[in-house]
Amino acid sequence: MKRKQAPDRTALEAFERIYRDHVTDVTRYFARRCVDPHLVADLTSDTFVRAITSFATFDASKGSAKSWLIGIARRSFAAHLEAANRGSELARRAGGRRELDGDQLDELIQRIDAERPGRALLAGLAELSDVDREAVELVDLSGLEPREAAALLGLRTGAMRTRLSRARGRLRRAAKENPVTPTQEAYAHE
Amino acid sequence: MSKFEDTLWADLAEHHGADLAHLPESLPRKEKRTGRVIAVAAGVVAVAGAGVIVGPSFFGGSPPAAYAVERAPDGTVTVTLREMLGALDPVNAKLREMGVPVVVVPARPDCRDMGQRVHPGPPDMIITIPVSVSSDGFTYHPEIPTPLGLFVVVGAAQYLGKDGRTVTTFATGGFRDRAPSCAPSTRDEGPAGPQVSTPR
């Protein structure tokens, strides 16, 4: 039987600090995409399992921990969509769903509810390309620096700024015509 | 952190802690904390040095105060909260005295309507709520105008983590034309927030 290696306490503490600082960012990222609290829980868990098992590859000189985690969250969500398209996601979740008690369900439902403006904002950008929509989300909703978002999307920083400007302009025009949420109002008054 | 987040961490540490055999080379062993946390800690030291700690000590000797409210030269007001017990009322009183239109409430089960916030108001969003939160407290940014009729609320929760350390979490929110039911200032002295206008 394989014996478990003792964790490096320093590494565990460092990862715990990153977890505590950014778990809300990751949960919110999924709460903008899913209204099922169980799915938000599973995707958040999946992201941090991927993160903790690849922590040795994290390079703080290349970007913030938040940017690193959001990048992993994007890949987790993409994997979820791919599995869902194959029809295998339902079976996987039926067998491996994370258990949540009533308190945890309430917390996640509140988090999902709180992200309603963010979901409405993304819905308002439905006519944009996937990249432009993600540019707005990563910078304006997830709080990444444009250069960090550019790195995640494989763009040059200048191209990212152009896309952001174009998308924000479009959102501004839409918000002025029909502001629905406080977030959209914020754009309308920019 | 929330119960979900705390439970998830316990599971990660138990089932995947052994995967953390090495600290990434980009994280020096002498700097285990992230830059943001170091910055917060430095801020706390600066507060103490400036002699603006207003909270009483609950620990005896010369420990850190339970809370601190400090106005910086740029006008921002930072609240540092280490111990919630007995601290929220004096913190709210100090905020009112300083003219800060924010009220701090305990995010607890009997404050269920915290979930009915009209706006999540996170620090990293394009926000209309002029508050950003950290792991130690929150900062009010007066340069960001508070929408008329919006009560700005910071919910604070504190509990003992599985590692025995006290964990405090903060969340911001806005309430249209009313503060949440558990906001102490609404019961006794009127809202600490801006003057309430008719709904838009």
Study note, to complete from the structure: Scanning region A:38-51 for residues that are at the interface with chain B (Cβ under 7 Å from one of its Cβ atoms) and surrounded by fewer than 23 Cβ atoms within 10 Å (Cβ to Cβ), the one farthest from B:GLU14 (Cα to Cα) turns out to be A:SER45
Review point. Do we have A:ASP21 as within 7 Å of chain B (Cβ to nearest Cβ), touching a helix residue (DSSP H, G or I) at 6+ places or on another chain (Cβ under 7 Å), without any contact (Cβ under 8 Å) to a residue 60 or more places away in the chain and among the charged types (D, E, K, R) here?
Key: yes
Exercise for review: List every residue pair whose Cβ atoms sit under 9 Å apart, with the two residues 6 or more apart in sequence or on different chains, where the first one lies in region B:2-22 and is more than 24 Å from B:ALA156 (Cα to Cα) and more than 7 Å from chain A (Cβ to nearest Cβ) and the second, anywhere, is in a helix (DSSP H, G or I) and among the polar types (S, T, N, Q).
Suggested key: B:ASP11/A:SER45
Revision key, fill the gap. Here the residues within region A:133-150 that are in a helix (DSSP H, G or I) and surrounded by fewer than 20 Cβ atoms within 10 Å (Cβ to Cβ) are A:ARG133, A:PRO146, A:ARG147
Exercise for review: Within region A:7-37, track down each residue that is over 21 Å from B:GLU14 (Cα atoms) and in a helix (DSSP H, G or I).
Suggested key: A:ASP25, A:ARG28, A:TYR29, A:PHE30, A:ALA31, A:PRO37
Review point. Which residues, counting only those in region A:104-154, are more than 8 Å from chain B (Cβ to nearest Cβ), among the hydroxyl-bearing types (Ser, Thr, Tyr) and within 21 Å of A:SER45 (Cα to Cα)?
Key: none
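We did not get these values from a lab; they are worked out from the coordinates using the rules stated. No experiment lies behind these values; they were computed from the predicted model shown. When we count neighbours, we look across all protein chains shown, and the Cβ atoms used for this are built from the backbone with ideal geometry, even at glycine.
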